[in-house]
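Written out below as structure tokens is the structure these notes cover.
Bear in mind that the values in this text are calculations on the coordinates, not laboratory data. Everything numeric in this text was worked out from a predicted model, so none of it was measured. Using ideal geometry, Cβ is built from the backbone for each residue, glycine included, and neighbour counts are taken over all protein chains shown.
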Amino acid sequence: MQGESINWRPVLETDERTQRHYANYAEVNVTAFEMVFTFATIPARHNAAEMEQMKNMGAVEISSNVQVTLPINFLSAFMASVEAAKKIYEDQWEPILPWITKMKSDE
């Protein structure tokens, strides 16, 4: 059997031990070898300190929920999977509209 090629694929299962994170914001960074996705949840309401920070800095610091690092050679397959899932969603429900925010530095 040594040297024999076997075609296989992983089948992921989730259960109550699987960590789940909700995020409504993401940033993407790259290095020479990997792509880093950092996810966060931006609250609908902000406290007084956050409002002051927004006023003074034009930004507010939000703690990230999770950071996922993918090797660059995995990126094409990952993006194809995301596009396929997006198409399934849009075929079943409705087109996903872009979420565009104008940053202060863009003005």
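For Tyr89, are the conditions met, namely being touching a residue at least 24 places away in the same chain (Cβ under 8 Å) and of a type outside the set (D, E, K, R)?
No; evaluated as a whole, the condition is false for this residue.
When both residues are 6+ apart or on different chains and their Cβ atoms are under 8 Å apart, which pairs have a first residue that lies in the stretch 1-25 and is within 17 Å of Ser63 (Cβ to Cβ), and a second that is in a loop (DSSP other than H, G, I, E, B) and hydroxyl-bearing (Ser, Thr, Tyr)?
From residues that are within 17 Å of Ser63 (Cβ to Cβ), the pairs are Tyr22/Thr41; Ala23/Thr41; Asn24/Thr41; Tyr25/Thr41.
Restricting to the stretch 30-45, name every residue that is more than 13 Å from Leu75 (Cβ to Cβ) and polar (S, T, N, Q).
Thr38, Thr41
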